[in-house]
Amino acid sequence: MAEKILIVDDEPDMLKLLSMIIREKSPYEVTTTNNPVEAIELAKKGGFDLVISDLKMPGLDGIEIIEAVKRLDEDTPVVIITAYGTVESASEAMLKGGFDFITKPFRKEQILFTIDKALKWLKVQKENKMLKEQIKKGEG
Amino acid sequence: MLENQFKRIIWFLSDVPKSRIKTACFIVLILLTFADYWTGLHYGFSIFYLFAVLLLTWFVSLSTAITFSLLSILSWFMVRFILITAENAKGLDYVILTGEAVVRLLFLITTSYILSLLKKDYAIRAKQNEELVELGNLKNYFVGIAAHDLRNPLSIIELSSSVLLDSGRQNLTPEQLSLAEMIYKKSLYMMKLIEDYLDVTKIEAGYLEINKSHNDYAAFIEDIANIDEVLANKKNIHIHVEKETDIPMFSFDRNKINQVVNNLLFNALHYSNPDSTVKVVLKAESSSVITEFTDTGPGIDAEDVSRLFETYYRSKKRKERGTGLGLAISKKIVEAHNGKIGFRNNPGSGSTFWFTLPIE
């Protein structure tokens with residue numbers, strides 16, 4: 001089954017573009033919303049392997065999205081998209097548990113590369129957990 | 001503080017020949033001083049009161065200083081009057097005493113008047129300075145906002161045109177493809193302009209942050225040259241990187257130095273003749289690494305030599321539009337690393353731009 005990606009950005013054109021790029025160049029399933037509050041609702045319904053969020057949005061910002069996603073599932077990677085000049089807040093986002101950040105403007109290869117990296121990391125993370133559980137069972 | 005006061009006085013003096021009233025005041029002052037010397041045995045007195053009068057003029061007002069001068073001279077006159085009367089003074093002594101009093105009074109008043117002119121000029125200048133600083137900040141603020149706001153839609157244009165170009169290789173006619181390419185290239189160019197404006201705004205506001213890390217400098221330069229080779233190939237220019245000595249590892253800000261190298265390399269490629277070679281030479285000295293970019297272009301005009309690194313300066317000879325910011329930004333970045341940047345015209349043709357970075 002294809003991995004599911006949730007994208008949050010208050011700019012609808014950016015959402016359209018990102019989902020076009022991802023759909024065209026990768027096998028992943030994309031859901032988008034320009035409403036950060038709705039994004040958290042969507043995340044609660046679950047099933048997303050990766051969240052991509054803009055850093056500065058009206059209402060809720062990217063850091064709050066990270067916190068909400070991490071509360072639901074600690075392993076879900078969150079990639080932050082940030083504008084020029086906000087690298088400082090992007091580093092804060094990394095401290096809060098963000099997986100990586102991309103600065104606007106970015107090339108499409110950059111976003112695709114980061115998505116692959118995040119999903120690979122998730123896979124390794126899941127395998128790790130599984131192995132640990134197996135070891136535990138074995139020990140038990 | 002003292003140095004500032006000194007500067008103010010120097011500035012005032014340098015302005016004297018241009019202003020008739022100030023010149024007149026100065027001549028009167030010199031004459032009065034001479035009269036004081038000629039008549040009196042009591043210079044100490046004048047200097048004593050002068051000090052108070054100057055302070056009052058600067059910190060309170062001219063009228064207070066004049067009032068003080070009148071009072072002080074009056075009191076001096078009375079004391080002297082009593083003293084010489086006790087010594088059996090004659091009529092002529094009183095005339096001399098009155099003359100001395102008038103000379104001293106004029107001396108004090110003239111001095112305080114000159115100082116008040118100086119104070120007024122200083123206040124005007126200080127206010128103008130303040131207004132200029134404020135205007136500069138406002139300009140930076142607006143450039144910042146405009147650049148920020150432009151950046152978002154532009155990044156969407158750039159990204160979407162690149163997607164269009166990519167998928168259009170099969171589906172679009174050659175004409176449509178070249179149009180898409182035009183949109184993509186121009187949006188890249190605009191983005192570069194905006195980035196430069198934002199950088200300058202940041203630098204002028206004093207926010208140039210340097211984050212150094214330990215890196216292989218030679219490999220770093222070779223990587224940039226390899227990427228720019230694609231650009232160079234369009235003009236059939238070859239980029240030749242040469243290490244004159246071994247280059248040690250040292251600390252520098254990769255992103256910022258990347259910007260400097262790209263600026264200098266881009267200029268070298270831009271001005272070089274087609275079918276030529278742009279040389280990038282690296283050499284290490286005892287405490288720094290020098291990077292040189294030699295082009296085959298027309299060289300630097302004499303009139304541009306002194307202003308080339310100024311913000312927003314553009315050579316008149318240059319036909320293309322640019323921001324005139326690349327070199328200014330590069331200079332700031334190199335200087336923030338405690339390095340130096342410069343250029344020289346080469347005999348024959350072409351110029352060499354260079355910068356140094358300390359090995360640390």
Please name all residue pairs, on different chains or six or more residues apart, with Cβ atoms under 8 Å, provided the first residue is in the range B:331-354 and is in a helix (DSSP H, G or I) and the second residue is among the small types (Gly, Ala, Ser). none
Identify, please: which residue in the range B:159-192 is more than 48 Å from the chain's Cα centre (by Cα) and not β-branched (Val, Ile, Thr) and is, among those, nearest to the other protein chains (Cβ to nearest Cβ)? B:167
Considering the range A:17-57, residues that are part of a loop (DSSP other than H, G, I, E, B) and among the charged types (D, E, K, R), and then whichever is surrounded by the most Cβ atoms within 10 Å (Cβ to Cβ), we arrive at A:49
Would you be able to tell me the number of residues in the range B:51-99 that are touching a residue at least 40 places away in the same chain (Cβ under 8 Å) and more than 19 Å from residue B:112 (Cβ to Cβ)? 2
Criterion (modelled with pLDDT under 90, touching a helix residue (DSSP H, G or I) at 6+ places or on another chain (Cβ under 6 Å) and farther than 30 Å from residue B:140 by Cα) met by exactly one of B:326, B:297: B:297
Of the residues that make up the range A:60-81, is at least one within 14 Å of another protein chain (Cβ to nearest Cβ) and either of a type outside the set (Lys, Arg) or within 30 Å of residue B:209 (Cβ to Cβ) (or both)? yes
Name the residues in the range B:170-227 that are in contact (Cβ under 8 Å) with a residue 60 or more places away in the chain and among the aliphatic types (A, V, I, L, M), would you? B:193, B:200, B:203, B:205, B:208, B:210, B:218, B:221
Residue A:111 vs (1) outside any loop (DSSP other than H, G, I, E, B); (2) more than 14 Å from every other protein chain (Cβ to nearest Cβ); (3) not basic (Lys, Arg): all pass except (2)
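Residue by residue, here is whether (1) within 22 Å of residue A:17 (Cα to Cα); (2) assigned by TED's automatic domain parsing to the domain that holds residue B:53 holds:
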site	(1), (2)
B:129	no, yes
B:148	yes, no
B:157	yes, no
B:175	no, no
B:179	yes, no
B:185	yes, no
B:189	yes, no
Going through the range B:205-246 one residue at a time, which ones are within 25 Å of residue B:275 (Cα to Cα), assigned to a helix (DSSP H, G or I), among the hydrophobic types (A, V, I, L, M, F, W, C) and over 33 Å from the mean Cα position of the chain (by Cα)? B:227, B:230, B:231, B:232
Which condition breaks for residue A:122 when tested against (1) closer than 24 Å to residue B:194 by Cβ; (2) touching a residue at least 12 places away in the same chain (Cβ under 8 Å)? (1)
Taking the criterion of being under 30 Å from residue B:205 (Cα atoms), in contact (Cβ under 8 Å) with a residue 24 or more places away in the chain and of a type outside the set (Phe, Trp, Tyr), would at least one residue in the range B:119-131 satisfy it? yes
Would you please name the residue that is surrounded by the fewest Cβ atoms within 10 Å (Cβ to Cβ), looking only at residues in the range B:190-220 that are in contact with a Ser or Thr (Cβ under 9 Å, 6 or more places away or on another chain) and aromatic (Phe, Trp, Tyr)? B:207
I need a count of the residues in the range A:37-61 that are in contact with a strand residue (DSSP E or B) (Cβ under 9 Å, 6 or more places away or on another chain), closer than 18 Å to residue A:83 by Cβ and at pLDDT below 90. 5
Check off (1) out of contact with any strand residue (DSSP E or B) (no Cβ under 7 Å at 6 or more places or on another chain); (2) of a type outside the set (S, T, N, Q); (3) at negative phi for residue B:300 and give me the number that stays unchecked. (1)
Which residues, counting only those in the range A:1-16, are within 13 Å of another protein chain (Cβ to nearest Cβ) and either part of a loop (DSSP other than H, G, I, E, B) or under 16 Å from residue A:67 (Cα atoms) (or both)? A:9, A:10, A:11
Neighbours by Cβ (under 6 Å, 6+ apart or cross-chain): first from the range B:265-282, in the same structural domain as residue B:343 (by TED's automatic domain parsing); second of a type in the set (Lys, Arg) and surrounded by fewer than 18 Cβ atoms within 10 Å (Cβ to Cβ): B:274/B:235; B:282/B:243
Note on the range B:55-77: residues over 19 Å from residue B:100 (Cα atoms) and among the small types (Gly, Ala, Ser) are B:61, B:63, B:65
Does residue B:101 count as more than 13 Å from every other protein chain (Cβ to nearest Cβ) and either more than 30 Å from residue B:24 (Cβ to Cβ) or modelled with pLDDT of 85 or more (or both)? yes
Residue check: is residue B:141 aromatic (Phe, Trp, Tyr), more than 30 Å from residue B:67 (Cβ to Cβ) and either within 14 Å of chain A (Cβ to nearest Cβ) or out of contact with any Asp or Glu (no Cβ under 9 Å at 6 or more places or on another chain) (or both)? yes
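The values are calculated or read from the model by the stated rules, or taken from the named source; none is laboratory data. Computed from a prediction, not measured in an experiment: that's the story for all the values here. Neighbour counts are summed over all protein chains in view; Cβ atoms, including those assigned to glycine, are modelled from backbone coordinates with ideal geometry.
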